[in-house]
There are 2 protein chains.
Amino acid sequence: MRASVLSDWLAQRLDRGSTQPVYRQLHRLLQQAILSRELPAGARVPSSRLLAAELAIARNTVTQVYEQLVLEGYVISTTGRGTYVADTSPDEIVGANEPGSLGLDQTRRAIAGGLPGLTQAAPRIAPPAAERTAAPAAGTAASLSAPATPGATHASREAVRALSARGARLIAGAGVSKRQGGAFMPGVPDVSRFPSRVWTRLHNKYWRSLRPDLLTYAPGGGLALLRHVLADYLRTARSVRCSPEQIIITTGIHQSVDLAVRLLTDSGDVIWTEDPCYWGLRSVLQVSGLNPRPIAVDGEGINPSAEDFAVPPKLILVTPSHQYPLGMVMSLARRRMLLEYARQHQCWIIEDDYDSEFRYGSRPLASLQGLDTAGQVIYVGSFGKTLFPGLRVGYLVAPEGLAESFATASAELYREGQLLQQAVLAEFIAEGHFTSHIRKMRGLYGQRRQALLDAAASRYGEALPAMGGDAGLHVVMQLPEGCDDRAVAEAALARNIVVRPLSGYYAARARAASGLLIGYACVPDEEIAPAFDTLGEAIDATLPLFA
Amino acid sequence: MRASVLSDWLAQRLDRGSTQPVYRQLHRLLQQAILSRELPAGARVPSSRLLAAELAIARNTVTQVYEQLVLEGYVISTTGRGTYVADTSPDEIVGANEPGSLGLDQTRRAIAGGLPGLTQAAPRIAPPAAERTAAPAAGTAASLSAPATPGATHASREAVRALSARGARLIAGAGVSKRQGGAFMPGVPDVSRFPSRVWTRLHNKYWRSLRPDLLTYAPGGGLALLRHVLADYLRTARSVRCSPEQIIITTGIHQSVDLAVRLLTDSGDVIWTEDPCYWGLRSVLQVSGLNPRPIAVDGEGINPSAEDFAVPPKLILVTPSHQYPLGMVMSLARRRMLLEYARQHQCWIIEDDYDSEFRYGSRPLASLQGLDTAGQVIYVGSFGKTLFPGLRVGYLVAPEGLAESFATASAELYREGQLLQQAVLAEFIAEGHFTSHIRKMRGLYGQRRQALLDAAASRYGEALPAMGGDAGLHVVMQLPEGCDDRAVAEAALARNIVVRPLSGYYAARARAASGLLIGYACVPDEEIAPAFDTLGEAIDATLPLFA
């Protein structure tokens, strides 16, 4: 090809008014021309001096572009012979339909010799004629004359659009909401009261000292200081029996459960979950290839039937302190039954203690883990509700003999870091800010809970009873049997009020009760009654009973 | 039981000099006595007034302990009849060996009636005699007379200690190191040069404004601002074709790959990995039930054989810009072959672009994703090497039509947060600090790399050649074939020098080359030569060649 043809083609397309540097434009254009075979393999490109002169740009720019193209394998530069377009046609896919045949790649590799992969391959010189391509012959101006369509080589972008079976199931069953706050989003604490000054002071202190050991990867299990502080807290506040070594810092309950099921279960294993339960953990279990068996709950917590007992699961996932989402406490008799059954059948139990700090009118209840004499309970909790969800710090208490395996697996699978934040959190707890923040928020949430219960009682009296309000961050308002709680939730959302339909938390349709999860924690006191009125309008408009 | 017997027993055990409050001690002791059946079901506990007087403690303390025990189900309080120890013996495990039999639980549930789980169960009054237990009869002082062994009920703590098959495989194959820095830890950047003042200034700015939307859960995909800034960066610096919507913020390459394989593959699917490759990702794939097929690499990158081609994988995981750990660049011809094969066989490709910013002597190479015309490449990268590992921010570029599914799945599976940190990072990039930090570190690492190569050359000349040094944070020093590189690494560790044996990165033993990964990035310039001397001692002491 004559240099002037290429120069003209390039000159037409270089946009000197663009914010994109000329270097980048020229590089992109030459790549395009080579990939689309408008500049075919074997073609000689003009010298940098010539091209620079013809385009009236700095020679250095052209040189740099050529160097980059050499590195990327688009062109080949040979001393004395000039610069040529490389053969960039794909390597042959060898024997895809002829298993066992020896192809070009093997031959090439055999020639390369030595340690496989330990020699940098020399770019191949393209054959003089474009043997392996059907491109137009080199040097014809015609192939460059068609107007350029930016991104034309990508016009036929037809992707393979199939999710896998587990991926499709995950998306179809996803329970995550697009909203993360506002009245009455369940499970979201009030983050506006967080003691940000204390937090920032500690944060700045650690950044000022700039300790490299806090900025690199976390050792398995997390920061030793936080594990110590947390072990003390859990022993005192939650009756958890543990040493600091048993504590594994995670990014929250999702990761804690993921870690436990990956270490303790295999694909296909049966897992008991409470029915209803938290949608997020059901997704985590399903995507790990497990076989969740939803178990009914009654006023004393999980309540397996004879059929359930007949097939011992590998793992049991429960919320003993405050059943999610219904709110009842697992009775002591039920706790002891569960531990005994787990001992007999060598099942693991995960105790999800997600919001036990917020119990109104009594102290928090002791953990199931503290009753466990056989080391079968894995206790999981998080700071998402007590401090703020975005913090992403949770913890897991591993059984005594498995602590080191859990620590290793967590480093291997997640390669965690965030040690500076862990140091800040440890000091925040050790200085007493954590317990005083919980105390403050407990008072605040207690008021809001009461305001909500009052609003509900004054509008509906006994007709729509609320339950689960003596702890946590939400109440469940029961709807009459057979009501379409999803329709109510949609009607509420149309009025900018977020509630979650209770029926969506059940795995077994036949069991699904109708109701609404109403979160009060993140709603300022004075907004609760008006927001409930709006919710009431949605209920009344949707339920025939109140029409 | 006579009140005085219980009082004496308690008085002996209350430690008034302890830092533990009397409330907590009394609570724990009564729980212990009930669980061990020393205080049997049906026994009446003394009135709070009487017990307080006998123990000489505040009556209010006793009342509070009793209230807590009522809540926890240990005792039952009836108006007029006093307080009794509840029947806390385990619920019966019904019909575990008789599938289909209807047991006590069902009966009880049927009696409870109404919506299952929507009534708070009344604590059961224990039967007058301990019908269901073999405990000593109520009221005998004998059962309380034995000296208490603290934690005696937990003495027989024999745990079920079995990891699952996949858990055991994970632990056995774990590649994670206990060390996270120092000479010559590969893959660890120098975090001491991080511009912490700028970072802290931005951090404080966001904390001062205390925006609740930055402290709650992340929307699927992460903070919009960061996704925008990152799309711009990736388009310009890495030739990635993407819109901000295709960017999914993750906690790093581990989570990016986890997300992609959970959405796009099913258990049992064949995955191509380069051999050698990064141990961490191999673990992530294995634990997801996938079937990794290690594919040889040569000087042009991944190099599948005819046998490999014959069974198309569901997904191909490659490091085109800088093969990990060997360091070669995937040739353009190989890239196009891979894309064409993936298109024909509908395979997904994950492009792991883990440290492409650090290329010495040339600009970073364009991404594979930018060549993809069929939307089959998932591009993953992270800030772990460019800023600091502990940051835990990575990103994934989803194929066009799947962006929303990826965003939903990431919120559903990981429930991420850290939006305030994402805002800080977005502003850090937008203000230009990111590119200037990379420029600075590239200069610094380039010097260190040269110091290392000089030290190696001056000690060993051509005998132990180094490769992969033109990019990244480590070089690979080849050892003579058949050398035990693990023994060398152990000898080095004994001298407090961390290097990783190359053979450990191979899945196929027959293919494993002998060598050492030597990381220079986190070693100050002046320490490189002395540290290499120490490494040299370890090599010379271990390899017969140099003995």
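The values are calculated or read from the model by the stated rules, or taken from the named source; none is laboratory data. Everything numeric in this text was worked out from a predicted model, so none of it was measured. Virtual Cβ from ideal backbone geometry, glycine too; neighbours counted across all protein chains shown. Areas reflect the complete protein model, heavy atoms only, side chains present, ligands, DNA and RNA absent. Shrake-Rupley method; radii C 1.70, N 1.55, O 1.52, S 1.80 Å.
Data overview
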item	result
Subset tally (residues that are of a type in the set (S, T, N, Q) and open to solvent by less than 10 Å² (accessible area, probe 1.4 Å)) for the range A:331-355	0
Residue that is nearest to B:I429 (Cα to Cα), among those in the range B:149-186 that are under 16 Å from the mean Cα position of the chain (by Cα) and modelled with pLDDT under 85	B:Q180
Residue in the range A:389-405 that is in contact with a strand residue (DSSP E or B) (Cβ under 7 Å, 6 or more places away or on another chain), within 26 Å of A:K314 (Cβ to Cβ) and among the charged types (D, E, K, R) present	no
Identity of the residue in the range A:191-211, surrounded by 19 or more Cβ atoms within 10 Å (Cβ to Cβ) and within 8 Å of another protein chain (Cβ to nearest Cβ), that ends up nearest to the chain's Cα centre (by Cα)	A:V191
Count of the range B:34-49 residues which are away from every other protein chain (no Cβ under 14 Å), among the polar types (S, T, N, Q) and open to solvent by 40 Å² or more (accessible area, probe 1.4 Å)	1
Subset of the range A:50-95 that is polar (S, T, N, Q) and more than 14 Å from chain B (Cβ to nearest Cβ) - its residue that is nearest to A:R24 (Cα to Cα)	A:T83
Residue identified as within 11 Å of another protein chain (Cβ to nearest Cβ) and either of a type outside the set (V, I, T) or not in a helix (DSSP H, G or I) (or both) among A:Y341, A:Y324	A:Y341
Any hit, the range B:18-33, residues being aromatic (F, W, Y) and open to solvent by 50 Å² or more (accessible area, probe 1.4 Å)	no
Subset of the range B:446-486 [touching a Ser or Thr at 6+ places or on another chain (Cβ under 9 Å) and in contact (Cβ under 8 Å) with a residue 60 or more places away in the chain]	B:M467, B:D470, B:A471, B:G472, B:L479, B:P480, B:C483
Extreme residue, nearest to B:G361 (Cα to Cα), among residues of the range B:480-497 that are open to solvent by 10 Å² or more (accessible area, probe 1.4 Å) and within 13 Å of chain A (Cβ to nearest Cβ)	B:P480
Residue satisfying all of: in the range B:392-401; facing another protein chain (nearest Cβ under 7 Å) and surrounded by fewer than 24 Cβ atoms within 10 Å (Cβ to Cβ); farthest from B:G187 (Cα to Cα) among these	B:G401
Extreme residue, farthest from B:L259 (Cα to Cα), among residues of the range B:409-440 that are of a type in the set (S, T, N, Q) and facing another protein chain (nearest Cβ under 10 Å)	B:Q421
Conditions (1) facing chain A (nearest Cβ under 9 Å); (2) buried (at least 24 other Cβ atoms within 10 Å of the Cβ): number failed by B:F406	(1)
Members of the range A:17-33 that are within 17 Å of A:A86 (Cβ to Cβ), more than 9 Å from every other protein chain (Cβ to nearest Cβ) and not hydrophobic (A, V, I, L, M, F, W, C)	A:Q32
Conditions (1) modelled with pLDDT of 95 or more; (2) surrounded by fewer than 24 Cβ atoms within 10 Å (Cβ to Cβ); (3) away from every other protein chain (no Cβ under 11 Å); number of the one not met by B:A296	(3)
Residue check, A:P189 over 22 Å from A:E357 (Cα atoms) and modelled with pLDDT under 95	no
Any hit, the range A:276-283, residues being out of contact with any Ser or Thr (no Cβ under 7 Å at 6 or more places or on another chain), surrounded by fewer than 24 Cβ atoms within 10 Å (Cβ to Cβ) and in a loop (DSSP other than H, G, I, E, B)	yes
Odd one out for B:T216, checked against (1) open to solvent by 20 Å² or more (accessible area, probe 1.4 Å); (2) over 28 Å from B:L317 (Cα atoms)	(1)
Of all residues making up the range B:284-321, the number that are farther than 25 Å from B:G370 by Cβ and in a loop (DSSP other than H, G, I, E, B)	5
Residue, nearest to A:Q418 (Cα to Cα), within the range B:358-387, restricted to residues that are open to solvent by 10 Å² or more (accessible area, probe 1.4 Å) and part of a loop (DSSP other than H, G, I, E, B)	B:K385
Count of residues meeting criterion [in a strand (DSSP E or B) and crowded, with 22+ Cβ neighbours inside 10 Å] in the range B:262-274	4
Residue within the range B:299-313 that is surrounded by 20 or more Cβ atoms within 10 Å (Cβ to Cβ) and closer than 18 Å to B:D258 by Cα present	yes
Selection count, the range A:501-525, where residues are away from chain B (no Cβ under 14 Å) and either farther than 15 Å from A:Y445 by Cβ or open to solvent by less than 40 Å² (accessible area, probe 1.4 Å) (or both)	3
Looking only at the range B:348-373, and only at residues there that are within 8 Å of chain A (Cβ to nearest Cβ) and touching a Pro at 6+ places or on another chain (Cβ under 9 Å), the one that is nearest to B:F309 (Cα to Cα)	B:W348
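This table checks each residue for (1) under 22 Å from B:D470 (Cβ atoms); (2) of a type outside the set (S, T, Y); (3) at pLDDT below 95.
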{"residue": "B:A342", "(1), (2), (3)": "no, yes, no"}
{"residue": "B:D352", "(1), (2), (3)": "yes, yes, no"}
{"residue": "B:D355", "(1), (2), (3)": "yes, yes, yes"}
{"residue": "B:F358", "(1), (2), (3)": "yes, yes, yes"}
{"residue": "B:A366", "(1), (2), (3)": "yes, yes, yes"}
{"residue": "B:I378", "(1), (2), (3)": "no, yes, no"}
{"residue": "B:Y395", "(1), (2), (3)": "no, no, no"}
